[in-house]
Every structure is written in structure tokens, then in C-alpha cells.
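> Let me begin by handing over the structure; questions about it come next.
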Amino acid sequence: MWRHKIINILAILKAKFNIYREHLRARSNNFSEANFDIILICIACLFLLYYPLGALLTHKIDRNTDIEIKSSTSNESQTVEMISYLINQEVNEKIWTPNLPFFFPAAILDNMPNYQLGLLNGLSKFTTAFEKRIDGNINNKENNSKLYRAATLLRYPGTIWMFDQNNKIKPMPSASNQYRKARRMLTKYNQSLISGQNIFYKRTEDLAYILKKINISLKQSSNQLTVAIRENSSSLFDFKADDVFYYNQGKLYAYSMLVKALSYDYKQIIINYNLYQNWISLSKTLEQACNIQPSIVRNAELSSSWAPNHLAYLNADTIKASNILTKIIDSLEKILPEKEK
């Protein structure tokens, strides 16, 4: 029965096409012109339907900061689990858009790719710092631990799809595949903690070092936002403002989730040294930065009374988070030996 239905549908479509072709023939003395009209209609449909609809279905910027990671045992690291979760969220549950070639409809997206690149940049910098302190002291001779390999893979350029950017005929692993490998390394690392093969030493000096690296990254974001405001806010239309905004908001989202995870791993240190209030303030400030959701990103004059400057809003939260981090780091360093500072 279903075969007959398909045959009937094809016959109807063929008949409709013949009617349309005869109509075009009547309008044109040259059938090649009619064919050209069909090509133009197909191209118009491609651009008006394929790209916008495909991009709309793909576009998703995840700012949910209410995620809680539950550890199966106290041995594993919530921070490592959070890094793994965020990678999965961006490359498995969603499409990794920064490296898509032109024939994917999501290739026309702008905000989501910048957000994902910023998020991955935050994860990469954090994982490198985390590995150096947590795992580097143990495996510094071999440099082949699972955590080290994950950190290395996360530094892979996020815009590579299949070919080298400088040599278009040289095949390269895609960014999304490299990040999936990094996630597998992180999962294996946590499994080694659960089994007792590795031990996660939660030391004050390590936490201070990791927070310093986050603070350096926040200051870099603040500098980038400040430069964009200073140089382009006088322009009537700043078409790069959304790129700067979403890249740095993606980075702040990564740090918001990682700071939350660190509070579980280093809970005892935070409580023992009375860091709880500042830590809560830090988390709330980063969450506030993630919740800025403008319909259109504006980089207007700071003195403007009718147009907002979303880069300035984001920068204010970035500076505030950096200042709170400085207080936390100072509190930690007061109790450290001079050689560990």
C-alpha cells in the first residue's frame, strides 16, 4: 500500500512540474531562460529557508547556572566533573558551531560561536592551571597523565573543522572531536580517583594558584571590554560589539560554573579560613554577568541617555568579580609560607 502511495505522490509532483514548465515556456521564447528562472527560485529558497531556519534551530546559548554536579564518592573531583559536563553540553548536546563550513546553515551564526569559543577558552585556561597544580607535581617527569592530556586537547583551536587553516588540503582532526577526547580523559581521571589509583590533594596553595589564574583571565576580559568601549562606543553602529560581548560572557559562564565546583572540592578550606561570604559574593557576581541577555548588543556612548552599553554592564561585573577574587587570594596568601606565594 505504501509503495502505491509513494508512486501516486511522485506522479502528482511530476504533473505539477510539467504544468509549471509549460507555463514558463509560454512566458519565455527561450527554454534556457525558463530553466534559469527555476535555478533562481531554488537559490532563493535555499537562502530564505535553509540557512535562516537551520540557524534558528541550531542557535542556543546556555546560561543556566543552577546546575549541580553530584559526586558518587568524596574521592572524585567535582571540578573535573564540571569541566566534563560543560564540554558535553557544548559538543554533544549541542552543535559545536565555531568550526562549521559554509554549507551548514549554522555557519551564518555569530553570537553562539563566539559564546562557545569564550566558554572553551575559560575551560582551557582553567584546566591547564588545575592540572599544573593538582597533577603536575606527581607526573611532572612523564607529562602523559590523563589530566595533562585533557588540558593539552582543550588548547586545540576551536575553529578547525577538517583541514588545516593554513593548508586547506591537509586533513586535521576537528575541534569537536579533540574536545570529546579531552572529556574522555577527564572521565578516566575521575575514575582513577574513585579507584584510589590517584589522589586529589586539596591544598591551600593549589587553590590560591588556580584562583590567581582565573583572576588574570578576568582582567584580560575586562581589558578587552574596556578597549572595545573606548574605541568603538562613539560609532553609530558597532558591528563587533556582539562578538566581544558573547565571547567574554561565555568565558564568565565557564568561570561561574567552575567556581561553584571548586567550592565543593575546597569546602573545608573555604570554611576554615572564613572565605564563605566572599565566595558567595563571587558566585553571585559571575551569575549576574551570565544573566545579561540583550536582544541586540549595544556599545553606545557611556553618557548616552537613550541607548545602553551592554559591554559596560558586563565589564562592571567582570571588574567586581576580579576585585572579590583578589580579596580571597589575599586571605589565602596570608596563611601560606613565603615560598608558596
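> Does Ile229 satisfy the criteria of being in contact (Cβ under 8 Å) with a residue 12 or more places away in the chain, part of a helix (DSSP H, G or I) and over 28 Å from Glu205 (Cα atoms)? Walk me through how you get there before you give the answer.
Values: in contact (Cβ under 8 Å) with a residue 12 or more places away in the chain: yes; part of a helix (DSSP H, G or I): yes; over 28 Å from Glu205 (Cα atoms): yes.
So Ile229 fits the description; yes.
> Which condition number does Trp161 fail, the rest of (1) out of contact with any helix residue (DSSP H, G or I) (no Cβ under 6 Å at 6 or more places or on another chain); (2) of a type in the set (Phe, Trp, Tyr); (3) at pLDDT 95 or above being met?
Looking at each condition in turn, Trp161 falls short on (3).
> So which helices (runs of 4 or more DSSP H) are wholly in region 240-291 and hold at least 2 residues that are aromatic (Phe, Trp, Tyr)?
Working: elements: 241-265, 267-272, 276-290.
Correct list: 241-265, 276-290.
> Is at least one residue of region 110-121 closer than 30 Å to Gly196 by Cβ and out of contact with any Leu (no Cβ under 9 Å at 6 or more places or on another chain)? Before the answer, list the steps.
Start the filter on region 110-121 by keeping residues that are closer than 30 Å to Gly196 by Cβ, which leaves none.
Checking region 110-121: not a single residue is closer than 30 Å to Gly196 by Cβ and out of contact with any Leu (no Cβ under 9 Å at 6 or more places or on another chain).
> Hey, another quick one. Given the condition without any contact (Cβ under 8 Å) to a residue 60 or more places away in the chain and buried (at least 21 other Cβ atoms within 10 Å of the Cβ), answer yes or no: does some residue in region 242-256 qualify?
Here is the first cut: in region 242-256, the ones without any contact (Cβ under 8 Å) to a residue 60 or more places away in the chain are none.
Checked region 242-256: no residue is without any contact (Cβ under 8 Å) to a residue 60 or more places away in the chain and buried (at least 21 other Cβ atoms within 10 Å of the Cβ).
> Among the residues in region 299-311, are any under 15 Å from Gln249 (Cβ atoms) and of a type in the set (D, E, K, R)?
No, the conditions are met nowhere in region 299-311.
> Continuing with this model, one more query. Would a scan of region 102-110 turn up a residue that is crowded, with 18+ Cβ neighbours inside 10 Å and of a type in the set (D, E, K, R)?
So far as region 102-110 goes, no, none of its residues is crowded, with 18+ Cβ neighbours inside 10 Å and of a type in the set (D, E, K, R).
> Just one of the numbered conditions (1) in a helix (DSSP H, G or I); (2) over 15 Å from Glu81 (Cα atoms); (3) in contact (Cβ under 8 Å) with a residue 60 or more places away in the chain is not true of Gln220; which one?
If we test Gln220 against (1) in a helix (DSSP H, G or I); (2) over 15 Å from Glu81 (Cα atoms); (3) in contact (Cβ under 8 Å) with a residue 60 or more places away in the chain, just (3) comes out false.
> Return the only residue of Ala316, Ala307, Ala300, Ala321 being among the aliphatic types (A, V, I, L, M), within 30 Å of the chain's Cα centre (by Cα), surrounded by fewer than 13 Cβ atoms within 10 Å (Cβ to Cβ) and in the same structural domain as Ala228 (by TED's automatic domain parsing). Before the answer, list the steps.
Numbers: Ala316 fails: surrounded by fewer than 13 Cβ atoms within 10 Å (Cβ to Cβ); Ala300 fails: surrounded by fewer than 13 Cβ atoms within 10 Å (Cβ to Cβ); Ala321 fails: surrounded by fewer than 13 Cβ atoms within 10 Å (Cβ to Cβ).
Every option except Ala307 fails the conditions.
> Given the options Asp242, Asp238, Asp265, Asp206, name the one that is touching a Ser or Thr at 6+ places or on another chain (Cβ under 6 Å) and of a type in the set (D, E, K, R). Walk me through how you get there before you give the answer.
Details: Asp242 fails: touching a Ser or Thr at 6+ places or on another chain (Cβ under 6 Å); Asp238 fails: touching a Ser or Thr at 6+ places or on another chain (Cβ under 6 Å); Asp206 fails: touching a Ser or Thr at 6+ places or on another chain (Cβ under 6 Å).
Among Asp242, Asp238, Asp265, Asp206, only Asp265 is touching a Ser or Thr at 6+ places or on another chain (Cβ under 6 Å) and of a type in the set (D, E, K, R).
> Given the criteria in the same structural domain as Ile324 (by TED's automatic domain parsing), surrounded by fewer than 17 Cβ atoms within 10 Å (Cβ to Cβ), on the phi < 0 side of the Ramachandran plot and assigned to a helix (DSSP H, G or I), does Ile199 qualify?
Values: in the same structural domain as Ile324 (by TED's automatic domain parsing): yes; surrounded by fewer than 17 Cβ atoms within 10 Å (Cβ to Cβ): yes; on the phi < 0 side of the Ramachandran plot: yes; assigned to a helix (DSSP H, G or I): no.
It is false that Ile199 is in the same structural domain as Ile324 (by TED's automatic domain parsing), surrounded by fewer than 17 Cβ atoms within 10 Å (Cβ to Cβ), on the phi < 0 side of the Ramachandran plot and assigned to a helix (DSSP H, G or I).
> Oh, and also: Just checking, how many residues over region 86-101 are buried (at least 18 other Cβ atoms within 10 Å of the Cβ) and either among the β-branched types (Val, Ile, Thr) or outside any loop (DSSP other than H, G, I, E, B) (or both)?
Going through region 86-101, the residues buried (at least 18 other Cβ atoms within 10 Å of the Cβ) turn out to be 86-87, 90-91, 95-100.
From what is left, the residues that are either among the β-branched types (Val, Ile, Thr) or outside any loop (DSSP other than H, G, I, E, B) (or both) are 86-87, 90-91, 95, 97.
Final tally of qualifying residues: 6.
The values are calculated or read from the model by the stated rules, or taken from the named source; none is laboratory data. What you are looking at is a predicted structure, and each value in this text was computed from that prediction instead of being measured. Glycine gets a Cβ as well: all are built from the backbone with ideal geometry, and neighbour counts include every protein chain shown.
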